[in-house]
Amino acid sequence: MVDSFWYLALAAVVFAIGATGLLVRRNPLIMFMCVELMLNAVSITFVALSRRLGDMGGQISVLFVLVVAAAEAVVGLAIVVAVMRRRARVTADDLTSLSG
Amino acid sequence: MAIAVFAVCAVIIIAGALGVIIFRNPVHAALSLVAALFGAAVLFLTLDAQFLGVVQVIVYAGAIVVLFLFVIMLLGVDVAERLQTEPIARQRPLALAVGAGVLALVLLFAVGFDLSPSTRQGAMPALDNCIGLPLNDPARDSPDVVLCDGPEVASNVSQIAEGVFGDYVWAFQLTGLLLTVSVVGAVVLTRRGRSLPAPANADVTHDDRQPEAVS
């Protein structure tokens with residue numbers, strides 16, 4: 001195992017890439033993938049620090065992060081499917097009917 | 001050797017992450033996400049989280065991303081999006097600045113974190129003191145040797161099980177409830193309502209309004 005700092009640095013880079021992608025891309029599906037990237041970065045952090053501190057709670061937290069990410073992907077994709085049934089090409093900027 | 005594995009995994013993960021935000025075609029982005037997730041799974045294996053590495057491949061790469069691809073293919077949105085449009089002025093440089101700021105913030109914390117050798121007795125104390133011997137080695141039978149595949153070192157799965165069904169059992173039950181709720185929500189969201197399904201020769205602009213009552 002390499003020093004913990006490098007795992008944290010890698011997770012930080014992936015998180016920053018995911019955050020930038022979430023802000024730049026307008027396709028809802030790719031925005032979801034960027035969120036999954038950020039969750040993955042957090043998972044890497046959890047597991048690296050769990051191994052570092054000898055605490056099993058980090059790995060169990062990653063298990064729960066995985067489950068929550070799955071549930072979020074299911075509901076989010078259901079919303080995308082429901083919206084895209086009405087109109088063919090939808091980007092995140094077109095979904096403005098709820099704004100004041 | 002460990003440094004080489006980490007370096008290769010880091011390159012794969014970062015390349016996959018950059019691919020997700022750069023590719024215009026959603027299918028290409030999903031495949032580069034799979035590459036990033038595989039790199040992360042190998043990283044988990046190097047961190048003695050074997051269960052999580054396997055679960056990452058099976059659930060994350062094998063189910064969630066496949067679900068993404070199902071939706072992409074079902075909706076026919078594999079047409080590339082135009083990356084030139086910017087709804088907010090100077091959005092792309094602003095997004096890069098925010099990303100760099102997030103990176104700087106997290107790295108600042110990582111540098112300040114105390115990474116000196118830990119003297120804490122955690123859940124994995126025996127892994128640092130065990131030795132690995134081949135199966136036909138007679139030294140395995142000597143009384144004071146702690147083998148890495150012996151009974152003193154609990155397997156990763158049993159360690160996770162002790163936690164999930166012990167200290168974290170409430171969180172475990174709540175995530176089960178969350179999964180049920182999300183499945184019900186997905187079914188409700190994608191229902192077509194009580195109207196009859198559209199006939200084969202319907203035009204593209206069909207709507208799901210309720211059929212009017214016949215007076």
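The values are calculated or read from the model by the stated rules, or taken from the named source; none is laboratory data. Given the structure is predicted, the values throughout are model-derived calculations rather than measurements. Cβ placement follows ideal geometry from the backbone for every residue including glycine, while neighbour counts extend to all protein chains displayed. Heavy atoms of the whole protein, side chains included, go into the accessibility calculation; ligands, DNA and RNA do not. Shrake-Rupley method; radii C 1.70, N 1.55, O 1.52, S 1.80 Å.
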### Message
I'd like to check something: does the range A:32-48 contain any residue that is over 30 Å from B:M73 (Cβ atoms), over 9 Å from the mean Cα position of the chain (by Cα) and at the interface with another protein chain (Cβ under 7 Å from one of its Cβ atoms)?
### Response
yes
### Query
Could you say which residue among A:I30, A:I60, A:I44 is surrounded by 22 or more Cβ atoms within 10 Å (Cβ to Cβ), over 13 Å from B:V20 (Cα atoms) and free of Cβ contacts under 8 Å to residues at least 12 places away in the same chain?
A:I60
### Message
With the structure loaded, tell me whether B:R140 is at pLDDT below 75, farther than 30 Å from A:A12 by Cα, not in a loop (DSSP other than H, G, I, E, B) and not aromatic (F, W, Y) or whether it fails that test.
### Response
yes
### Query
Of (1) touching a helix residue (DSSP H, G or I) at 6+ places or on another chain (Cβ under 7 Å); (2) farther than 30 Å from A:R51 by Cα; (3) modelled with pLDDT under 85, B:L189 satisfies all except one. Which?
(3)
### Query
In the range A:47-57, what residues are open to solvent by 10 Å² or more (accessible area, probe 1.4 Å) and among the aliphatic types (A, V, I, L, M)?
A:L49, A:L53, A:M56
### Query
Of all the residues that make up the range A:1-12, how many are touching a residue at least 12 places away in the same chain (Cβ under 8 Å), surrounded by fewer than 21 Cβ atoms within 10 Å (Cβ to Cβ) and in a helix (DSSP H, G or I)?
1
### Query
On the given criteria, is B:L107 at the interface with chain A (Cβ under 10 Å from one of its Cβ atoms), modelled with pLDDT under 65 and open to solvent by less than 70 Å² (accessible area, probe 1.4 Å)?
no
